[in-house]
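Working notes, beginning with the structure itself.
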Amino acid sequence: MCNRDKAGSGLLRQRHAAGGFSSPESSVGIAIWPICAHAAIILSMQSPPFDVQKELEGWTLFWAELELSAGDDEPLAVLLRQVSRSARERFDLQSLSTHPTVAALRRLFRASGCDPTRYRPASEALLRRILKGEELPVIHPIVDINNCLSVELAVPCCVMSEGTFEPPFVFRAGRPGESYESLRGPFRLEGKPLLCDAAGPLDCPITGNERVKVTPGTQRALLVAYMPSEALGPALARDTLERLVQSAPTVRILQTAAS
């Protein structure tokens with residue numbers, strides 16, 4: 001298990017006690033306008049309890065604190081198969097790049113200086129593998145829920161093990177000479193969308209950082225979904241995450257927010 005960082009560890013719990021995140025069990029921090037007995041419009045969502053500076057325009061970042069929960073693994077295995085099957089029904093490999101959400105992500109990548117065909121968004125790469133016949137793998141319940149959310153929304157999602165990050169965060173384009181050890185080896189970050197923390201480059205919506213990866217001992221993690229604002233809103237991300245967790249309750253949502 002990764003060493004715990006005092007600045008990152010427990011931050012979300014402490015801020016939640018002071019009213020930071022909105023909880024899925026209540027409407028704290030969310031303005032709701034009832035339309036009828038079965039519908040509501042989400043007018044706003046609580047900002048995260050840490051500083052997030054966005055230098056790249058057009059992005060919405062959805063945040064969720066997740067905790068491992070005791071439960072049967074079979075519902076999660078079923079969910080992984082269902083999400084893969086649903087993706088094959090909703091998306092087509094040949095026209096994937098023209099899907100509204102995928103196309104919007106590609107435009108945002110180009111705006112930051114990144115060729116989305118050479119360096120595909122992680123969600124598009126994952127969807128392409130599924131559409132070619134692969135299944136979502138079983139890795140870790142928190143990672144599995146993260147991957148399901150990424151496929152359902154068609155946006156890159158990352159989970160960072162508690163204690164491996166140190167706010168404040170900055171979302172910007174990578175600078176010359178910046179790189180990190182990604183989950184697939186050394187990765188140059190110049191001109192790519194990049195989330196940084198106080199220690200430097202933290203996550204890129206192309207490939208994750210070894211520094212923050214979920215390990216077998218991880219009990220809590222911070223999820224971030226990188227969404228094109230023109231295509232998706234944070235309420236959809238929250239509702240989709242809650243639906244996934246209800247189907248496979250091996251993970252619990254502690255708090256959610258958006259920036």
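Can you spot a residue in region 176-192 that is within 13 Å of the chain's Cα centre (by Cα) and either surrounded by 21 or more Cβ atoms within 10 Å (Cβ to Cβ) or without any contact (Cβ under 8 Å) to a residue 40 or more places away in the chain (or both)?
no
Out of all the residues in region 125-151, which are among the acidic types (D, E) and more than 15 Å from the chain's Cα centre (by Cα)?
E134, E135
Could you list, in sequence order, all residues of region 59-84 that are among the charged types (D, E, K, R) and within 19 Å of L236 (Cβ to Cβ)?
Answer for region 59-84, where residues must be among the charged types (D, E, K, R) and within 19 Å of L236 (Cβ to Cβ): just E65.
Specify the residue that is surrounded by the fewest Cβ atoms within 10 Å (Cβ to Cβ); the eligible residues are those in region 104-128 that are of a type outside the set (D, E, K, R) and within 17 Å of V151 (Cβ to Cβ).
Step by step, filter region 104-128, then rank; the result is A125.
Name the single residue, out of those in region 174-190 being among the hydrophobic types (A, V, I, L, M, F, W, C) and touching an Asp or Glu at 6+ places or on another chain (Cβ under 7 Å), that is nearest to G208 (Cα to Cα).
In this case the residue turns out to be L183.
Would you please list the contacts, defined by Cβ atoms under 6 Å and residues six or more apart or on different chains, that run from a residue in region 112-141 that is part of a loop (DSSP other than H, G, I, E, B) to a residue that is crowded, with 16+ Cβ neighbours inside 10 Å and among the aliphatic types (A, V, I, L, M)?
Listed by first residue and then by second, the contacts come to G113/A173; Y119/I206; P121/L105; L136/L80; H140/V214.
Is it true that H38 is more than 28 Å from T164 (Cα to Cα) and modelled with pLDDT under 90?
So H38 fits the description; yes.
Cβ contacts < 8 Å: first residue of a type in the set (D, E, K, R), restricted to region 87-104; second residue part of a helix (DSSP H, G or I), any location; separation 6+ or different chain. Result?
Matching pairs, first to second residue: R88/I130; R88/L131; D92/L131.
In region 102-122, is there at least one residue being polar (S, T, N, Q) and under 28 Å from I253 (Cβ atoms)?
No, there is no match, as no residue in region 102-122 is polar (S, T, N, Q) and under 28 Å from I253 (Cβ atoms).
Checking P205 against (1) in a strand (DSSP E or B); (2) in contact (Cβ under 8 Å) with a residue 24 or more places away in the chain; (3) within 18 Å of G58 (Cβ to Cβ), only one condition comes out false. Which one?
The failed condition is (1).
Tell me the residue from R238, R243 that is out of contact with any strand residue (DSSP E or B) (no Cβ under 7 Å at 6 or more places or on another chain), over 18 Å from V52 (Cα atoms) and modelled with pLDDT of 95 or more, please.
When all the criteria are applied, what remains is R243.
Limited to region 221-259, what total is found for residues that are crowded, with 19+ Cβ neighbours inside 10 Å and in a loop (DSSP other than H, G, I, E, B)?
Total satisfying the criteria: 5.
Based on what the data block shows, is V170 at pLDDT 95 or above, surrounded by fewer than 20 Cβ atoms within 10 Å (Cβ to Cβ) and not in a loop (DSSP other than H, G, I, E, B)?
yes
The values are calculated or read from the model by the stated rules, or taken from the named source; none is laboratory data. These numbers were taken from a predicted model, which means no experiment stands behind them. Cβ: placed from backbone, ideal geometry, glycine included. Neighbour counts: every protein chain shown.
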